[in-house]
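Report on the following structure.
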Amino acid sequence: MKTTSIEAIVVVAVLLMPGCDRQQPMQTTDAGSAASVEAEYVGGVVCTGCHRDQTSLWLGSHHDLAMQSADVAHLLGDFNNEEFVYAGITSTFHESDGTYFVRTDGPDGELHDYAIGYTFGADPLQQYLIEFPDGRLQALSIAWDTRPAEEGGQRWFHLHPNEEIVAGDELHWTAAGYNWNFRCAECHSTNLRKGYDAETDTYRTTWTDINVGCEACHGPGSSHVAWAEEPEETSVTRKGLVVRLDGAGNWERDLTSGNAWLPVPQRGADETELCGRCHARRSQFSENYVHGEPLLDTHRVQLLDPGMYHADGQILDEVYVYGSFRQSRMYAAGVTCSDCHDPHSLKLRVEGDGVCLQCHSAERFATPEHHHHEAGTDASLCVSCHMPQRTYMVVDPRRDHSFRIPRPDLSVEYATPNACNDCHEDEDAVWAAAAIENWYGPERKGFQDYTHALFAVRNALPESRGLLVEVATDTSASAIARATAIQELGNQLDRATFGIVASGLQAEDPIVRRAAVSALESVEPSMGVGLLFPLLDDPVRGVRIEAARLLAGIPPGDLERPMLDTIERVMNEYIEAERFNTDHPSGWLNLGNFYTARQDYDEAGTAFDNALKLDPTFVPAYVNRAEMERRRGNEGAVEEILLAGL
């Protein structure tokens with residue numbers, strides 16, 4: 001962490017309707033209205049009676065099959081005493097009296113029989129959840145490849161095939177990395193409540209629907225059901241439907257460019273935020289999610305950071321699609337998820353290039369003159385060039401949703417991947433760049449124009465500061481790119497960059513505001529209070545609590561009562577957010593850092609101790625507890641803690 005006048009402390013953030021038969025147009029209610037806030041979950045089965053067409057589309061979809069009970073109707077793997085060998089351990093999958101088991105290595109390294117409790121996903125792989133007495137559900141890291149045999153499927157495989165993960169490793173299936181309650185549950189079930197008890201280190205996790213049902217996307221439906229049950233003559237308006245998902249923008253075709261545009265913008269941002277709740281690399285800090293509200297109100301979103309994205313913003317790690325889509329010209333133009341995907345079946349609205357040609361003229365783009373490949377081949381498909389895919393979890397290819405133009409010239413300069421060489425593996429990027437220039441000319445910047453800046457800062461080049469400033473101040477750039485640049489400028493704060501970071505506090509998009517707050521990490525709290533105090537009333541919780549964290553070091557005696565009351569209120573929000581994640585050591589670590597800044601050393605020590613109880617190998621807790629004791633003047637304890645960590 002950067003610092004100017006205060007000592008560095010390591011901070012680790014936790015890293016991913018019902019209706020009726022009346023044919024009235026669906027209305028979208030204000031997500032913050034009393035109807036949406038007070039509504040309760042009723043379960044998707046209530047919706048099916050009226051919404052038969054939508055239910056029919058949803059049945060068998062990835063949402064429907066996101067999680068199921070482990071019975072013969074849902075298990076796809078071979079449990080006929082099939083054996084699988086990994087890291088010297090033979091696991092056996094078998095069935096007894098209708099219950100399915102795996103005999104495999106437990107946390108002690110010995111073989112045990114574990115009953116399969118639930119299936120997890122269905123295509124192109126299916127995982128299996130095993131329940132422990134303390135309420136934990138752990139995802140087995142041996143999965144079933146559900147692809148057809150001719151495609152290499154119908155086999156057991158390990159999710160870390162090139163490693164040897166054994167008991168005690170952080171990636172062992174019994175470790176925190178494969179804990180369903182903490183890492184997976186919110187996005188595979190509806191109205192998930194984690195139910196973690198820090199005192200007993202146990203879970204009582206609950207849900208309304210075991211899978212991703214109607215209310216996961218549309219919001220709690222009790223108000224809507226109540227409306228549907230009213231006599232028709234007394235019912236005037238549709239109530240309680242929080243979010244509408246239909247991609248119903250009134251697009252018009254521009255005959256000159258061959259592209260479509262929205263004369264009247266739709267509420268696409270709301271829908272993208274809703275889908276991003278699960279289709280983003282993010283962490284959760286609150287279960288008080290309100291459908292249609294900004295994602296940052298309850299989640300922290302991953303920016304375009306090293307190890308997650310390439311320097312040009314292309315997907316690298318398993319970041320899902322929200323972060324890449326928010327970089328796209330499509331998002332900027334008002335395109336939303338359901339313009340391309342049916343929200344119930346999740347299939348494309350039109351197969352193949354047809355989904356793109358809804359908006360882009362076939363005469364202009366679906367021709368060899370544009371794509372320079374033989375018509376009707378895979379190479380000629382729009383997605384082959386504009387949505388290159390990467391494979392995750394060994395067998396799961398996913399497409400980049402930034403919809404960028406191929407840039408092999410950037411590959412030459414910055415070693416980023418490009419769609420051309422994904423196919424033409426026998427050629428190099430220089431060859432591909434020459435072909436692109438020959439076809440389209442030398443000026444091919446595209447919409448995403450920040451590779452130079454992100455590459456420079458990642459490689460500590462002297463020009464990085466100026467390049468980051470250009471991105472941070474470019475109002476035509478995507479908000480997630482600007483937020484990334486502002487966050488990086490926090491490591492290079494001086495008189496020239498301070499004002500640019502501070503201006504980000506006023507940005508319209510909360511992802512930029514939160515990044516700007518984080519970028520002021522190194523500013524002494526007493527100096528930053530003038531800038532950060534107004535953010536304590538930000539409408540988005542993620543921005544508020546980040547400001548509260550940075551202001552934790554302000555002595556209470558330096559503030560007058562109204563300011564003190566405001567800071568205490570939002571600091572309590574921050575504490576609540578971190579306590580939500582105290583089933584992971586990073587939650588306790590962040591609380592320890594917070595209490596250290598407040599000079600509440602007893603609470604800080606307890607928090608660090610709790611982190612180490614959960615994971616005795618969690619190095620940041622040793623380092624930060626030692627720093628806390630140093631601030632406290634207890635040098636003897638510093639040495640003892642660091643030696644224990646070693």
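Any idea of CYS337's accessible area? Nearest 10 Å², probe 1.4 Å. CYS337 has an accessible surface of roughly 40 Å² with all protein chains in place.
Sorting 373-379, 293-299, 213-219, 319-325 by average packing, meaning the other beta carbons within 10 Å per residue, from highest down gives 213-219, 319-325, 293-299, 373-379.
The share of accessible area on region 73-162 that comes from carbon and sulfur is 43 percent, using a 1.4 angstrom probe.
Taking packing as the residue-averaged number of other Cβ atoms within 10 angstrom, the listed peptides 306-313, 270-277, 70-77 run from highest to lowest as 270-277, 306-313, 70-77. With Cβ to Cβ distances under 13 Å as the rule, what net charge do the other residues near GLU546 carry (K, R +1; D, E -1)? Net charge in that neighbourhood comes out at +1. Residue ranges 132-141, 517-526 sort as 517-526, 132-141 when ordered by packing (mean number of other C-beta atoms within 10 Å per residue, highest first).
Summary of the geometry: region 555-607 and region 403-445, compared by the centres of their Cα atoms, lie 49 Å apart.
Where in region 612-626 does the amide nitrogen come within less than 20 Å of the point 7 Å from the Cα of THR202, taken along Cα to Cβ? Residues 613-615 qualify, since their backbone N sits under 20 Å from the label point. Extension gain for the segment ASP317 to THR475, taken as residue separation times 0.36 nm less the Cα-Cα distance, is 54.1 nm to one decimal. Of the GluC sites (Glu not before Pro) in region 303-364, the ones in a loop by DSSP (not H, G, I, E or B) with at most 11 other beta carbons within 10 Å are GLU351. Along its first, second and third principal axes, ordered by size, the chain spans 73, 68, 67 Å in Cα coordinates. Could you please state how large a percent of the accessible area of region 267-392 is carbon and sulfur, counting protein chains only and using a 1.4 Å probe? That fraction is 55 percent. Accessible area per residue for region 374-474 is 52 Å², calculated with a 1.4 Å probe on protein heavy atoms, without ligands, DNA or RNA.
For region 510-631, the solvent-accessible area of protein heavy atoms averages 37 Å² per residue (probe radius 1.4 Å; ligands and nucleic acids excluded). Over the residues of the chain, the helix contribution to mean residue ellipticity at 222 nm works out to -9500 deg cm²/dmol, using -39500 (n - 2.57) for each DSSP H run of at least 4. Excluding ligands, DNA and RNA, the accessible surface per residue across region 274-321 is 27 Å² with a 1.4 Å probe. Among the GluC sites (Glu not before Pro) in region 71-180, those placed in a DSSP loop whose Cβ has at most 16 other Cβ atoms within 10 Å are GLU110, GLU163, GLU164, GLU170. Using R0 = 35 Å, the C-beta based FRET efficiency linking CYS423 and GLU287 works out to 0.20. Derived value for region 542-590: Kirkwood hydrodynamic radius 11.4 Å. Basis is the mean of 1/r over every pair of different alpha-carbon atoms.
Straight-distance candidates among the aspartates and glutamates for linking to LYS347, with alpha-carbon spacing under 12 Å and chain neighbours fewer than 8 residues away dropped: ASP339.
Solvent-accessible area of region 534-646 (1.4 angstrom probe, protein heavy atoms only): carbon and sulfur portion equals 51 percent. Considering only GLN506, PRO620, GLY542, and ranking their Cα positions along the charge dipole of region 482-628 that arises from unit charges at the beta-carbon of Lys, Arg, Asp and Glu, the one farthest toward the positive end is GLN506. Under a 5 Å amide H cut-off, with hydrogens placed 1.01 Å from N, TYR196 pairs with ARG204 among residues at least 5 apart or on other chains.
The values are calculated or read from the model by the stated rules, or taken from the named source; none is laboratory data. Bear in mind that the values here come from a model prediction, so they are computed numbers and not experimental data. Positions of Cβ are backbone-derived with ideal geometry, glycine not excepted, and every protein chain shown enters the neighbour counts. In case anyone asks, the SASA skips ligands and DNA or RNA and just uses the protein heavy atoms, side chains included. Shrake-Rupley method; radii C 1.70, N 1.55, O 1.52, S 1.80 Å.
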